[in-house]
Amino acid sequence: MPHIVFVCTGNICRSPMAEGFMLHKCKEMGRHDLTVSSMGIHGLNDYPATEYAQKVCEQDGFDISSHKARYLVGDELQKADLILCMEPVQKKFVQTFFPWLHKKVFLLGAWPEKQTRKSAIKDPMGGSYEKYQEVFSLIKTHIVRIMPLL
């Protein structure tokens, strides 16, 4: 069963929204062939997703209120088939500290194509609810785009 890991900075905004949305899409599609998780390069262990992240997801029909942030888990990353980061800094961090995973680490906004400046999904932390909606919309677009490839 393929395992997808989403990675952002604190694991309280983007990666939990991505994890929640992909799990929601899998359920809608009747797909039971993927496992999905999320982590942060500076994970704020045991913190919940931000209020705006939870609200955006709730308005889209799924709940991430039980999410607990966590730092990168080496064993789980090792077992992952695909590690999708939000920004180049996270990709570089994972590749630097886990160099043997180099070929599994990509940007969500680029995979499976080449990375460009527009591939990054910026952090909404500290921004308005509208900013969270914009970021979530980008995450959704990319997940819908890649689902048939998984």
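Derivation of every value follows stated rules applied to the coordinates shown; laboratory data play no part. This structure is a prediction, so every number in the text was calculated from the model and none was measured. When we count neighbours, we look across all protein chains shown, and the Cβ atoms used for this are built from the backbone with ideal geometry, even at glycine.
A simple spin-label model places pseudo-atoms 7 Å from Cα toward Cβ; at VAL144 and ASP81 they are separated by 2.3 nm.
With r defined as the distance between the Cβ atoms of ASP60 and GLN115 and R0 fixed at 22 Å, what FRET efficiency is calculated, to the nearest 0.05? Let's see the in-between values first.
Details: r = 27 Å, r/R0 = 1.22.
That pair, ASP60 with GLN115, gives E of 0.25.
Can you pull the percent of Cα pairs in the range 37-150 with separation above 21 Å?
Working: 2605 of 6441 pairs.
Within the range 37-150, distances greater than 21 Å cover 40 percent of Cα pairs.
Summarising the label geometry, the points placed 7 Å from Cα in the beta-carbon direction at HIS3 and LYS27 lie 2.2 nm from one another.
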